[in-house]
Amino acid sequence: MMLRYALKSVRARKAAFIGAFLALMCAAALITACGTLLETGLRGTIRTERYAATPVLVSADQNVHQTTVKHKKGKTKIKHKAKPIAERAWLPQSLEGTLARTPGVARVVPELTFLAEPLTPGGTGDRTAYGHAWDSAALTPYRLTEGSAPKAATDLVIDPWLAARDHLKVGDRLTVQSTQAPRSYRISGIAAPATDVRHQTSLFFSTAEARRLATHPGQVTAFGLVPDRGTDTGQLRQAVARALHGTTAQAGSGDGRGPVEFLDAA
């Protein structure tokens, strides 16, 4: 009986029924889409590329902090807010000595990262080009497949992706636009990463030239830590965090390295 009444009601109000059905269908699709985004955000990680061979990475705090204290009805409320900043925060290079003395640390590798665009007809496509000091090639690691490491200020090592895209080889000249006026460099070598690096291309300069182009004297982007053999990564990170207490530096490992490398990915 009730089913017959329901069918008669649908026949008499077809437009209202179709409208309600479409509204419910759109609501279900919206809830499903939002749920998928939520699940992706909870499980999603930012995979590191250049720091793959660095179990523990020390970087600066990339947030600006504000603490508000309110007194109301005899009670004190303290609120702390932190907002990420888009521009990279740098670390004092003087922290290298502190990190080197931390138990479990075998080697400290200073890292410099700065924009360095090769001026070629093909460009770098959808990849961003960054400059680094050759010393930090060990953080991935990048290994020479041709030529030699950069020694002079005008030497440059590029990766195989850029070499293949623009048909470059050892001995060629390449003009690079970085933080200073464009400069011509001689390609002294080609170095390939041991892991897959898909979102960036790396240009390696001599240490002195990289410091000049980084334009932050006495500062570094990060420190990569190589642990002693048999040292647990978690314990090393805790030891480093204790050594850095009182500073704005932070120690990250695992998925915590990705946001340091890709500031805008979070």
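The values are calculated or read from the model by the stated rules, or taken from the named source; none is laboratory data. Everything quoted here is computed from the prediction, not taken from an experiment. Glycine also receives a Cβ, built like all others from the backbone with ideal geometry; neighbour counts cover every protein chain displayed. Just the protein is used for accessible areas: all its heavy atoms, side chains included, with ligands, DNA and RNA removed. Shrake-Rupley method; radii C 1.70, N 1.55, O 1.52, S 1.80 Å.
Here are the numbers for this structure:
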| quantity | calculated |
| --- | --- |
| Fluctuation leader among Ala210, Ala133, Ala29 - the chain, Gaussian network, Cα springs under 10 angstrom | Ala29 |
| Hz values of 3J(HN,Hα) by residue in the range 110-121 - Karplus curve (6.51, -1.76, 1.60), Gly and Pro given as x | x, 10, 10, 10, 8, 5, 8, 9, x, 8, 10, x |
| Accessible area of the range 129-235 divided out per residue, in Å², using a probe of 1.4 angstrom | 45 Å² |
| Neighbour-limited loop hits for trypsin sites (Lys or Arg not before Pro), the range 208-266 (at most 12 other Cβ within 10 Å; DSSP other than H, G, I, E, B) | Arg229 |
| Distance in nm between pseudo-label sites at Ala27 and Ala265 (7 Å out along the Cβ direction from Cα) | 3.9 nm |
| Sequence-distant residues sharing a close amide H with Val105 (under 5 Å, placed H) | Asp228 |
| Rg/Rg_globular for the range 77-156, with Rg_globular taken as 2.2 N^0.38 Å and Rg from C-alpha atoms | 1.55 |
| Rule-of-thumb Rg ratio for the range 7-117 [Cα; 2.2 N^0.38 Å; N residues] | 2.07 |
| Whole-Å semi-axes of the ellipsoid equivalent to the chain (Cα gyration tensor, √5λ, descending) | 48, 30, 18 |
| Label point at Glu87 placed 7 Å out along Cα→Cβ; residues across the range 209-245 whose backbone nitrogen lies under 18 Å | 213-222 |
| Spin-label pair Arg11/Leu119, simplified geometry with 7 Å Cα→Cβ offset, distance in nm | 8.0 nm |
| Trypsin sites (Lys or Arg not before Pro) lying in DSSP loop within the range 19-101, provided at most 12 other Cβ fall within 10 Å | Lys73, Arg101 |
| Cα radius of gyration and Dmax for the range 113-210 (Å) | 11.7, 32 |
| Rounded, prolate or oblate (a/c below 1.5 giving rounded, otherwise prolate when a/b exceeds b/c) for the range 75-122 by Cα gyration tensor | oblate |
| Residue-count net charge about Leu236 - beta-carbon cut-off 15 Å; Lys, Arg +1, Asp, Glu -1 | +4 |
| Cα gyration tensor shape of the range 181-266, rounded if a/c is under 1.5, else prolate or oblate by comparing a/b with b/c | prolate |
| Spatially close lysines, pair count over the chain: Cα under 21 Å, gap of eight or more or interchain | 5 |
| Estimated FRET transfer efficiency when R0 is 41 angstrom, pair Val64-Gln238 (beta carbons, to 0.05) | 0.95 |
| Axial C-alpha extent at least 18 Å, average Kyte-Doolittle at least 0.5 - helices from the chain (DSSP) | 14-43 |
